[in-house]
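These notes are about the structure you will find just below.
Read the figures in this text as sums done on the coordinates, not as results from a lab. What you see is a predicted model, and the numbers here were worked out from it, not measured in a lab. Because the Cβ atoms are built from the backbone with ideal geometry, glycine has one as well, and the counts that use them run over all protein chains shown.
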Amino acid sequence: MQIPFLPLPPSFNPLCEASWSVLATQVESWLVDTIRDVRAPEWAWGCNAFWMAFIAANPDFPRGSWPNWNPKISLEGKFIESWTADNLTIPADSPLSQHILDEIRTSIWNDFQLIFPFPHTRSILFLYKLYL
C-alpha cells in the first residue's frame, strides 16, 4: 500500500508549525479518502500519525483554538489519549513559550521517527504492529 505523505519532503522542518499542519492535512486526507474503514489496522496506525502531526501543529490542543478535523477521526489511540490526559491540567490562559513549543515538537518528532524509521522499505502493517 502506498503512503502518499511518505517519505517526508526534504523541506519538512520538525520545528515548524506549517510543516506539521501540511502533514496533518495529508494524513487526514489519506485516512478519509483512501483507507475509509475505521476497523482497518491502517486506520488506527494512520490516526496515531494524524494526531502526532495535528498536535505538533496545534500544541495548545485541547485548549485554545485549532482547525476542525474530519469527525470520522476520533480522539482515540495511544498518542492522543495520553496528550489530552496530560494537558487537561494546564490552565487555558498559560501561553506556551517558543522554547516549550520547540520541546513539544522535538518530542513528537522523535516519536514520529520511531514509527517511520524506514518508510520506503517497510509495509504499513509492519509499522502498525511496531507502534501498537
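Values for this structure:
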| quantity | calculated |
| --- | --- |
| Label-point separation in nm, T34 to M1, each point 7 Å along Cα→Cβ | 0.9 nm |
| Segment 7-81, relative contact order in percent, only Cα pairs under 8 angstrom and at least six apart counted | 35 percent |
| Formal net charge of residues neighbouring W109 (Cβ-Cβ distance under 12 Å; K, R +1; D, E -1) | -2 |
| Pair S21, Q98: separation of 7 Å Cα→Cβ label points (nm) | 1.7 nm |
| Fully extended contour minus Cα-Cα distance, from S11 to N70, at 0.36 nm per residue | 18.6 nm |
